[in-house]
Amino acid sequence: MQETEASRLHNLKVNDWLECLQNYYLKIDGPYGNTKLTSLDVTPAGLAEAVGTEGCADEVVLKAFMSLFKRNSVQKVFGAKIHENSGSYAYNNFHFLVLSCVVAATTTNAGDYKQYRERLGVLLNDGKGAEHKVEGINSLWKALAVWLKKQKGEYRELVLPDPGAWTLIGYAVKLAYPSRKDRADLKKILRELPDNALNNQKTLLNNLRRCSYHLPERMHDDLVDLIHCYNNQSIETHHFWRLIETILIEI
């Protein structure tokens with residue numbers, strides 16, 4: 001890890017994070033262009049790319065991101081439903097919306113906990129246990145979607161998924177990428193690869209490509225991009241490669 005990246009990550013303030021996250025995930029002049037926003041890559045590698053600190057260890061990135069939040073501020077933002085016309089409030093608290101997806105997806109520091117409220121409490125890391133005030137999360141996402149649609153030519157369209165039975169947290173759970181199911185699917189494929197598949201990067205990627213039809217659509221696209229990067233440049237900081245490495249360590 002380059003010292004300049006670690007120093008930059010350490011020195012980022014809340015407003016720095018917020019602006020970077022807004023630009024990275026929401027604006028059409030960001031890396032996703034004018035594509036519809038149907039999921040958020042909230043891996044630590046994805047967060048690091050958003051703030052320009054690629055190469056920092058996952059634990060370091062997640063710790064820096066979580067330093068933005070305290071229990072009382074999370075309770076204030078997540079704890080009450082807002083009207084769908086309060087989109088500017090949701091936009092100005094977009095780092096909290098990213099947090100809502102991180103809680104759903106991350107296995108770093110919270111991997112042993114299944115319940116959303118428990119995972120949020122663990123990530124806050126203040127010894128106060130699960131955080132139950134999450135009533136406002138879906139309404140925040142709804143308000144943001146309405147607000148973005150009213151902005152012409154600057155922001156991506158946010159397509160909210162069906163929240164299913166999760167009437168309070170469903171948008172965050174289903175927008176989060178990789179989801180816990182995504183990770184489980186990739187982990188199953190990696191676990192079942194032949195031993196020689198791990199000999200080197202090229203062999204591993206070739207084996208994954210042969211199994212790619214088992215991957216979720218977003219992961220399939222990421223694998224295609226990863227293989228393209230391998231053929232043209234280093235893949236060490238690619239978010240999908242970092243995810244693969246993390247899962248290989250687990251198994």
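Miscellaneous remarks
- Among residues of region 130-165 being of a type in the set (Lys, Arg) and in contact with a helix residue (DSSP H, G or I) (Cβ under 7 Å, 6 or more places away or on another chain), the one that is least open to solvent (accessible area, probe 1.4 Å) is Arg156.
- When we screen Leu168, Leu140, Leu160, Leu144 for residues that are hydrophobic (A, V, I, L, M, F, W, C) and free of Cβ contacts under 8 Å to residues at least 24 places away in the same chain, the only hit is Leu160.
- Search result, residues across region 180-194 that are farther than 17 Å from Leu204 by Cβ and of a type in the set (Asp, Glu): Asp182
- Residue check for Glu54: modelled with pLDDT of 95 or more, part of a loop (DSSP other than H, G, I, E, B) and open to solvent by 30 Å² or more (accessible area, probe 1.4 Å): no
Listed here are the residues, each with its yes/no results for (1) over 16 Å from the mean Cα position of the chain (by Cα); (2) more than 26 Å from Asp162 (Cβ to Cβ).
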residue: Thr43; (1), (2): no, no
residue: Glu54; (1), (2): no, yes
residue: Arg71; (1), (2): yes, yes
residue: Phe78; (1), (2): yes, no
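- Test: residue in region 151-173 that is among the β-branched types (Val, Ile, Thr), under 23 Å from Tyr116 (Cα atoms) and not in a loop (DSSP other than H, G, I, E, B): yes
- Of all residues in region 12-51, those that are closer than 14 Å to Tyr91 by Cβ, of a type outside the set (Lys, Arg) and surrounded by fewer than 18 Cβ atoms within 10 Å (Cβ to Cβ) total 3.
The values are calculated or read from the model by the stated rules, or taken from the named source; none is laboratory data. Quick caveat: nothing in here was measured; it's all calculated off a predicted structure. Counting neighbours? That spans all protein chains shown, and the Cβs are built from the backbone with ideal geometry, glycine included. All accessible areas refer to the heavy atoms of the entire protein, side chains included, with ligands and DNA or RNA removed. Shrake-Rupley method; radii C 1.70, N 1.55, O 1.52, S 1.80 Å.
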